[in-house]
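Please read the structure below before turning to the comments.
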Amino acid sequence: SLLASLRVLDLNGLSALSGTLPPLGRCTRLTHAYLFGTALSGTLPRSLPGSLQELECSRCRLSGTLPDTLPRALQYLFLESNRLSGTLPASLSRLRSLTELELSDNRLEGSVPAALGSLGLRHLDLTGNERLTGSLATAPPKSGCSGGSDRYLRGRMDAQLTSSLRPPKSDG
């Protein structure tokens, strides 16, 4: 199926895109999902493709908790400015490929798993989670992120595809 062969999903900035987060687990070859700034809501799927390397869902309307199981291939996880709650799962420390973790401005609580410090993260931002406590002995500096969809956008988009992605005009 078409979903099974999808590798990059880039819907960044489509603020009129609403509804719940699609079931990304059915996209078995998906490596990059960019949904920054959409109006998607609901919870993160409990099943994400094992091939997923980058997940960018910052500034959406996501709620609920972080899944206990995240793909081991994950390198970049950006979920800032949502409504995520609960604790940071200890399983985050098993993501040996993870280099950038951005979870600022959510409603996370509890203590930061000490094992996160052993991941060698280049970027970590947990600020704005007032009920999150603790620190990492080897915390990485807060820095610019190197992930992102720009490097996957090459050439010109088909005009029909471009027009189908535009939000409908309002009668106002």
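What to note about this one:
- Taken as Cα centroids, region 78-111 and region 1-55 sit 18 Å apart, rounded to the nearest whole angstrom.
- Spacing of the two label points (7 Å from each Cα toward its C-beta) at L17 and T65, in nm: 2.8 nm
- Translational diffusion coefficient (Stokes-Einstein; Kirkwood radius from C-alpha pairs) of region 1-150 at 4 °C, 1.567 mPa s, in µm²/s: 84 µm²/s
- Contour excess over end-to-end distance, with Cα ends at T127 and E109 and 0.36 nm allotted per residue: 5.3 nm
- Percent breakdown of C-alpha pair distances by 10 Å bin, ordered from the shortest bin, for region 82-129: 26, 58, 15
Throughout, read-outs are computed from the coordinates displayed, never taken from laboratory work. Owing to the predicted nature of the structure, the values given are computational and were not obtained by experimental measurement. Ideal geometry is used to build each Cβ from the backbone, glycine not excepted, and the neighbour counts take in all protein chains shown.
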